[in-house]
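What follows draws every value from the coordinates through simple rules; no lab data is involved. Because the structure is a prediction, the values reported are computed rather than measured. Every residue, glycine as well, gets a Cβ built from its backbone with ideal geometry; the counts of neighbours run over all protein chains shown.
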Amino acid sequence: MRIYSENMSTGKVALIIGLGVATILILQSEDPLDSGGNGYQIWRETGLLARAVVCIITGVSLFVVGWLHRLLFGPLVLLRGADDVGYIAEDGRSRAQAANEVRRRRKTGELPPVYPNGWYRVLDSHMLPRGEVKSVSVLGEQVAVFRGQDGEAYVVDAYCPHLGANLAVGGRVVGSCIECPFHGWQFRGNDGKCVRIPYAEKVPEFAKVRCWRSCELNGQIMVWFHCDGEDPQWIVPEQQEIAKGEWVYRGRTEHFINAHIEEIPENAADIAHLAHLHTPGIVSGVDLRYTNSKTWEFLRHDWKVQWKPESEPNKHCSQMLVKHALTVFGCHWPLLDVRVVARQVGPGVVFLLFDHSFLGRGVIMQCVTPVEPLLQCVAHTIFYQSNIPPLVPKFILKAECIQFERDVMIWNNKKYISKPLLVKEDSAIQKHRRWFSQFYSENSPRLQHQRDTLDF
Ligand code: FES
Ligand SMILES: [Fe+2]
């Protein structure tokens, strides 16, 4: 979000400067400071219309140069809203109406628990400058994520235990504490303890806000969730190339998906869908009604995939090994063969590691964070070798995004089948379900079924 707004503000500044200069140039018929230089003379003698044309051409050129600069060197940022992708809006309905109807009408199936135990991304590090607080919805809760003056990121329940004000809405960071906007109580970030009540003589021992276990690495702030409040059973590995600055940030995408969280990682073990859903070239787009159109048939992706869980002590990890080949008019282009290792760490984080002979090395981190029981926020963030032109990782991220959005259209509209009708070739799906079940425990929250409120 921040990168997006940074881009916007750069654009706005350029526009304001451009408009200011253009106005001065157009209106300036006589310059009192002009000592009579030739250039100014010609400008003064030029008509208002011609001046306006020159200014427009200059403005457009500046805009094109800015656009090219962003294209070549800026990060790729694609933020999709909850109804932007994967719904069919026909018969004059808006996308939002189509999405709402699908969400209300869909059969959910017999769902596994909705919030598996594990680490989840809440924000990217650059979204939270020192001294700022952000409101985030995660795992059905509202949390306040703030960065103390000590540079540490802290995550606490958003609602103040005093009278329930939201600490993230108007709250102020004081040292390593967050101050409530309502009566000024201050809570420490590292343990949630209230350290100051401005109008009380004594702070009671029990005055505390719930504090979430968090960590910050790979440019992301993560929280640990366990339904019984148990301590983390594993840590998220740090990607050394990111920590050392050898791989740099080149962009991110964000999607909201209406599905159970398990549907998303299960895709890795669903080998058969690759040949069907992901084979049409990326130029065929994301709308599954048209991806098999004859126009783009000459471009095909071929996939060879294997999925396997890792063993102790990394049984919370699994790996998908992908070999991708591109064919154009049936001809294989070996230079574009790509091997990817997609290593899943717990229910919410996947590292897609690229290693290519001349396109370089890098990682896309796919982070799935449940917002509500059936609403997942999925972020893809790419870090890539700093000496490779940014266009390369941006293209990789865009290609990944197109393929991913085809899955989104399936997920947004499907039902979860607890006892799927599988053939032998689908066996990895069952293995994946067994592997994933380790993240549920007896008290893992389940979807509370609500009465159907639809009026027909
Ligand atoms: S509600 Fe937070 S200090 Fe009163
Ligand atoms: Fe897929």
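Considering only L79, Y154, T108, the residue lying farthest towards the positive end of the dipole of the range 71-167 is T108, judged by Cα position with unit charges set on Cβ.
Around the Cα centre of the chain, unit charges on the Cβ atoms of Lys, Arg, Asp and Glu (plus for the first two, minus for the last two) sum to a dipole of about 560 debye. Cβ crowding within 10 Å ranks F436, F187 as F436, F187, fewest other Cβ atoms first. With the simple model of a label 7 Å out from the Cα in the direction of the Cβ, L19 to R289 spans 3.9 nm.
Divide the volume of the convex hull around the Cα atoms of the range 357-399 by the residue count and you get 75 Å³ per residue. 3J(HN,Hα) couplings calculated from phi for the range 266-280 with the Karplus curve 6.51 cos²θ - 1.76 cosθ + 1.60 (θ = phi - 60°) are, in sequence order, 4, 3, 5, 9, 8, 5, 5, 5, 4, 5, 8, 7, 9, 6, x Hz; Gly and Pro show x. Both radii come from the Cα set of the range 118-217: Rg as radius of gyration, Rh as Kirkwood radius; their ratio Rg/Rh reads 0.95. The charge dipole of the range 118-217, taken about its Cα centre with unit charges on the Cβ atoms of Lys, Arg (+1), Asp and Glu (-1) only, comes to about 60 debye. Put the Cα centre of the range 204-283 next to the Cα centre of the range 406-450 and the gap is 18 Å. Here the label points at V169 and R130, each 7 Å from Cα along the C-beta direction, are separated by 3.0 nm in the simple model. Placing pseudo-labels 7 Å out from each Cα toward the beta carbon at L217 and D91 gives an inter-label distance of 5.2 nm. Remark: K193, K323 ranked as K323, K193, counting other beta-carbon atoms within 10 Å and listing the fewest first. Of C331, C177, the sequence from fewest to most neighbouring Cβ atoms within 10 angstrom is C331, C177. For the chain, the mean residue ellipticity at 222 nm estimated from helices alone is -8500 deg cm²/dmol, where every DSSP H run of n ≥ 4 contributes -39500 (n - 2.57) and the total is divided by all residues, rounded to the nearest 500. For the chain, the spherically averaged projection of the C-alpha convex hull amounts to 32.5 nm². The E246 and S427 beta-carbon pair, evaluated with R₀ = 41 Å, returns a calculated FRET efficiency of approximately 0.55.
Report, in order of residue number, the helices in the chain meeting two criteria: a C-alpha extent of 27 Å or more along the helix axis, and a mean Kyte-Doolittle hydropathy of at least 1.6; treat each whole DSSP H run as one helix. Span-like helices here: 48-73. Remark: the F182-F358 segment gains 57.7 nm on full extension, using 0.36 nm per residue and subtracting the alpha carbon distance. Potential lengthening of the chain between A275 and S61 amounts to 72.6 nm, from the contour at 0.36 nm per residue minus the alpha-carbon distance. Quick one: Debye curve from the C-alpha atoms of the range 230-281, no solvent, what's log10 I(q)/I(0) at q = 0.13, 0.17, 0.19 Å⁻¹? Each listed q maps to, in turn, -0.68, -1.01, -1.06.
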